[in-house]
Amino acid sequence: DDLLGGGRVPVNGRGRGGIAPGPRPPGGTPRVPPRIPGLGPVRPAVPPGEVRRVVGDPGAASFLADGSMDAVVAENRMLSRHLVAESTVAEIARVLRPGGRVLLSVDSLTLGMALLAEQNCWAHLSDVPRAEVVLVPWPDGTITRCFQSDELRELLRDAGLEVEWIRPRTALSASTVEHVLATSPGALPRLVRTELNVPPGDESLGIHLLASAVRV
């Protein structure tokens, strides 16, 4: 479907970013589609079967129409870096068509507790079990929001998304892999087998959580 709901608007071929005139009516002057303030030329709708990638900030997706996306990938800890993740997830749900899917990643509570321990924030660490939202400072001064699997599942459901699964990105931490390979360079096959044989559904493992959800 066209993003703006106004039909296809052709772009001229002179490389100047203008809008091509429409067909000339009999005995009249060419009809020129109106220019929309703040927007450049609009491309034709995506042909059936073609995938078009749109890269943007899901926290500022007002340029996307409701139900215009088949899938959203919110990678690179995006929801943890957007501290008010509720509004970001609501925007993701808005732009997904019914049946559309989101794949996202967040920092886990395991990572948050490790960061607090490394910074000797013992008082804050003791408050984690009672906290509704866990915000943890990184050593570089940025803030990350860390999630338990139950909290993440509730966040997605409240936005009208049906959770398919939540799982750790990896069972073995990067520091564990580095330590084992430093002491035993031939241990890579054993590490891979360990990773692959982790029982499914153990959401308590790993420093990052992955989740897949569908717009209902």
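The values are calculated or read from the model by the stated rules, or taken from the named source; none is laboratory data. Remember, predicted model here, so these are calculated numbers, not experimental data. Note: ideal-geometry Cβ built from the backbone for every residue, glycine included; neighbour counts use all protein chains shown. When the accessible area is computed, the model is the full protein with side chains, heavy atoms only, and any ligands, DNA or RNA have been set aside. Shrake-Rupley method; radii C 1.70, N 1.55, O 1.52, S 1.80 Å.
Would you kindly state how much longer the chain becomes between Val216 and Glu178 on full extension, computed as 0.36 nm times their sequence separation minus their alpha carbon distance, in nm to one decimal?
Net length gain for the segment: 9.5 nm.
What distance in nm separates the two pseudo spin-label positions at Leu103 and Arg81, each 7 Å out from Cα along the beta-carbon direction?
It is 1.9 nm.
At a probe radius of 1.4 Å, what is the per-residue accessible area of Ile207, in Å² to the nearest 10?
We get 60 Å² for Ile207.
Rounded to the nearest percent, how much of the accessible area of the stretch 73-216 (1.4 Å probe, protein heavy atoms only) is carbon and sulfur?
57 percent
I'd like the accessible area for Asp66, computed on protein heavy atoms only with a 1.4 Å probe and all protein chains in place. Round to 10 Å², please.
Taking all protein chains as shown, Asp66 has close to 110 Å².
How large is ³J(HN,Hα) for each residue in the stretch 136-142, as worked out from phi by the Karplus curve 6.51 cos²θ - 1.76 cosθ + 1.60 (θ = phi - 60°), to whole Hz, x for Gly and Pro?
Taking θ as phi minus 60°, the curve returns 10, x, 7, x, 7, x, 6 Hz for the stretch 136-142.
Once Lys and Arg get +1 and Asp and Glu get -1 on their Cβ, which of Ile207, Ser62, Gly99 lies farthest toward the positive end of the dipole of the stretch 60-216?
Gly99
Looking at Ala131, Gly141, Leu156, which one has the Cα that reaches farthest to the positive end of the dipole of the stretch 129-170 (charges on Cβ: Lys, Arg +1; Asp, Glu -1)?
Gly141
What distance in nm separates the two pseudo spin-label positions at Gln119 and Arg169, each 7 Å out from Cα along the beta-carbon direction?
According to this spin-label approximation, the distance is 1.9 nm.
Could you give the nm distance between label points at Ile143 and Val192, where each point is 7 Å from its Cα heading toward the beta carbon?
Simple spin-label model gives 4.2 nm for this pair.
Solvent-accessible area per residue for the stretch 78-216 at a 1.4 Å probe radius, Å²?
55 Å²
Can you bin the stretch 46-199 into rounded, prolate or oblate? Criterion: square roots of the alpha carbon gyration tensor eigenvalues sorted a ≥ b ≥ c, rounded for a/c under 1.5, prolate for a/b above b/c, oblate for the rest.
Since a/c reaches 1.5 but b/c is at least a/b, the shape of the stretch 46-199 is classed as oblate.
How about the stretch 138-213: which trypsin sites (Lys or Arg not before Pro) there lie in a loop by DSSP and see at most 16 other Cβ atoms within 10 Å?
Sites meeting the loop and neighbour criteria: Arg169.
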